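Notes follow once the structure below has been shown.
The values are calculated or read from the model by the stated rules, or taken from the named source; none is laboratory data. Small disclaimer: the values here were computed from a predicted structure and weren't measured. Here Cβ is always computed from backbone atoms with ideal geometry, including for glycine, and neighbour counts include all displayed protein chains.
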Amino acid sequence: MFWLVTRTPSDPSLAANPTPDPSETGWEKAPSSPSPTPAPSRSTPEPTPKPTKNGTARSPRPEATPTNTNAKRPRTETRTTPPPADPPAAGSGSPQLTAKEAYGIHGRYQRGLSVAQARKDQAAMAKLEHGLALEMTRAAFKTAEMQKTSLATGIWPNPQVWIPRHVEGAADWFVAVSHEPGVARIVDVMSSAPGGWRLVASAADTRATPARFPKIATDGEGYATSLPENATGLSATPRQIARAHLASLQNAEVDPLFDEGPWTSEAALFWQQERGRLEQADWKLTLSYRLEGPVRALRTSDGGALVWYGARSTELREAVREGAKVKLKGSAAVRTRDKAFARSVSATYGRMYVTHVPPAGSNEPARVLGEWSDVLESHGD
């Protein structure tokens, strides 16, 4: 987040307006001694982010709430529900995960994550997550260490799993969805890796009433159907959807391919407004959203697909001429030790999304159903 304020005789530094949180877009004087947002209590579960005027505290900002670094993380007391009976093994005889195994894998992940969060154990995370997800969680631990704050622990209750059949030459994976009414809906993607099963993607919708979640299609034996990133029969291929969504954010342009919402139209409009504010202060804004990692997809019962993808985004603010100074806020401020910058400042975030793509011929737009974002690094001079 960023502030931008006008110069006054008693306060020569300027800071940028918090971005990209639409609830804090007004120009205001930076406090003389800004302090980071307090972290949640070690012994008390984090409070649920309150909806803002754009519908959710999570978006479209890179770190949706002061506690966003763990928005996908456990927040509630443990409750268990016995998993359903295993579906029959695939008739082809190829390796196939059963429902019982999937519930066990996801449960062990949640328990391990809760312990690792309590200890801020960077090394332990390598046995729990992989790729961008691991980088994001480790970054959150680093921020918490620098801020000298604790992280909430616990597990999300009553997950449901969907397991696609084994595809020769590809890693096995499955999806676990947990919904705590009034708190959040969390969608985790677990994938097999050389060292074992790891979380590779996650996204959350923390609105009081999450958007409608499509039904995942299953065959007669209870398995879901995975789709390649170039799958046809949809309004756009999974990879095209991912690229179009990120291009809309990078260009700060509303894309009619997508339904309105916090991670689409509201985010694009916010960036337009933020660019205008910075220009008034003789600064410029450059955005970059790059697709990172594989694009995964499952067939939905309406003939469409649920698509998971990750990205690395960078926000670069540069002074056009000498004058205002930019001071970061939130996790990015912790990383730069709350300094003000006169020439440039950047923040890089990891981001993950889950999006429903309608079938070809449908008049419905694609709907982004959740996000997980975390600051990875920030710099300035």
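Would you pick out the residues in segment 163-182 that are buried (at least 21 other Cβ atoms within 10 Å of the Cβ) and either over 17 Å from the mean Cα position of the chain (by Cα) or more than 27 Å from residue 295 (Cα to Cα) (or both)? Residues satisfying the conditions are 163, 164, 173, 174.
Every residue, every condition in (1) surrounded by 15 or more Cβ atoms within 10 Å (Cβ to Cβ); (2) of a type in the set (Asp, Glu), yes or no:
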site: 264; (1), (2): yes, no
site: 268; (1), (2): yes, no
site: 274; (1), (2): yes, yes
site: 284; (1), (2): no, no
site: 297; (1), (2): yes, no
site: 302; (1), (2): no, yes
site: 310; (1), (2): yes, no
site: 333; (1), (2): yes, no
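The set of residues in segment 117-131 that are buried (at least 19 other Cβ atoms within 10 Å of the Cβ) and either in contact with a Pro (Cβ under 6 Å, 6 or more places away or on another chain) or free of Cβ contacts under 8 Å to residues at least 24 places away in the same chain (or both) contains only 125.
Among the residues of segment 194-218, write down those that are touching an Asp or Glu at 6+ places or on another chain (Cβ under 7 Å), in a loop (DSSP other than H, G, I, E, B) and at pLDDT 95 or above. The one that is touching an Asp or Glu at 6+ places or on another chain (Cβ under 7 Å), in a loop (DSSP other than H, G, I, E, B) and at pLDDT 95 or above: 214. If a residue has to be touching a Ser or Thr at 6+ places or on another chain (Cβ under 9 Å), at pLDDT 95 or above and either within 14 Å of residue 189 (Cα to Cα) or part of a loop (DSSP other than H, G, I, E, B) (or both) to count, how many in segment 111-130 make the cut? Within segment 111-130, residues that are touching a Ser or Thr at 6+ places or on another chain (Cβ under 9 Å), at pLDDT 95 or above and either within 14 Å of residue 189 (Cα to Cα) or part of a loop (DSSP other than H, G, I, E, B) (or both) number 3. Apart from one condition, residue 221 fits all of (1) without any contact (Cβ under 8 Å) to a residue 24 or more places away in the chain; (2) part of a loop (DSSP other than H, G, I, E, B); the exception is (1).
Go through the residues of segment 58-80 one by one and say whether even a single one is within 16 Å of the chain's Cα centre (by Cα), of a type in the set (A, V, I, L, M) and at pLDDT below 90. Yes: segment 58-80 contains one or more residues that are within 16 Å of the chain's Cα centre (by Cα), of a type in the set (A, V, I, L, M) and at pLDDT below 90.
Annotation note: of 292, 279, 322, 318, the sole residue that is among the acidic types (Asp, Glu), within 23 Å of residue 372 (Cα to Cα) and surrounded by fewer than 23 Cβ atoms within 10 Å (Cβ to Cβ) is 292.
Mind checking whether some residue in segment 119-131 is closer than 15 Å to residue 375 by Cβ and in contact with a strand residue (DSSP E or B) (Cβ under 9 Å, 6 or more places away or on another chain)? Looking for residues that are closer than 15 Å to residue 375 by Cβ and in contact with a strand residue (DSSP E or B) (Cβ under 9 Å, 6 or more places away or on another chain), one finds none in segment 119-131, hence no. Counting only residues that are within 25 Å of residue 237 (Cα to Cα) and either touching a residue at least 60 places away in the same chain (Cβ under 8 Å) or among the acidic types (Asp, Glu) (or both), how many does segment 362-381 have? Result for segment 362-381: 11. So, residue 152, is that one more than 21 Å from residue 364 (Cβ to Cβ), outside any loop (DSSP other than H, G, I, E, B) and under 22 Å from the mean Cα position of the chain (by Cα) or not? Considered against the rule, which asks whether it is more than 21 Å from residue 364 (Cβ to Cβ), outside any loop (DSSP other than H, G, I, E, B) and under 22 Å from the mean Cα position of the chain (by Cα), residue 152 comes out as no.
In this structure, does residue 191 turn out to be surrounded by 15 or more Cβ atoms within 10 Å (Cβ to Cβ), outside any loop (DSSP other than H, G, I, E, B) and in contact (Cβ under 8 Å) with a residue 40 or more places away in the chain? The answer is yes for residue 191.
Quick check on residue 204: is it touching a Leu at 6+ places or on another chain (Cβ under 8 Å) and surrounded by 19 or more Cβ atoms within 10 Å (Cβ to Cβ)? For residue 204, the condition - touching a Leu at 6+ places or on another chain (Cβ under 8 Å) and surrounded by 19 or more Cβ atoms within 10 Å (Cβ to Cβ) - is not met.
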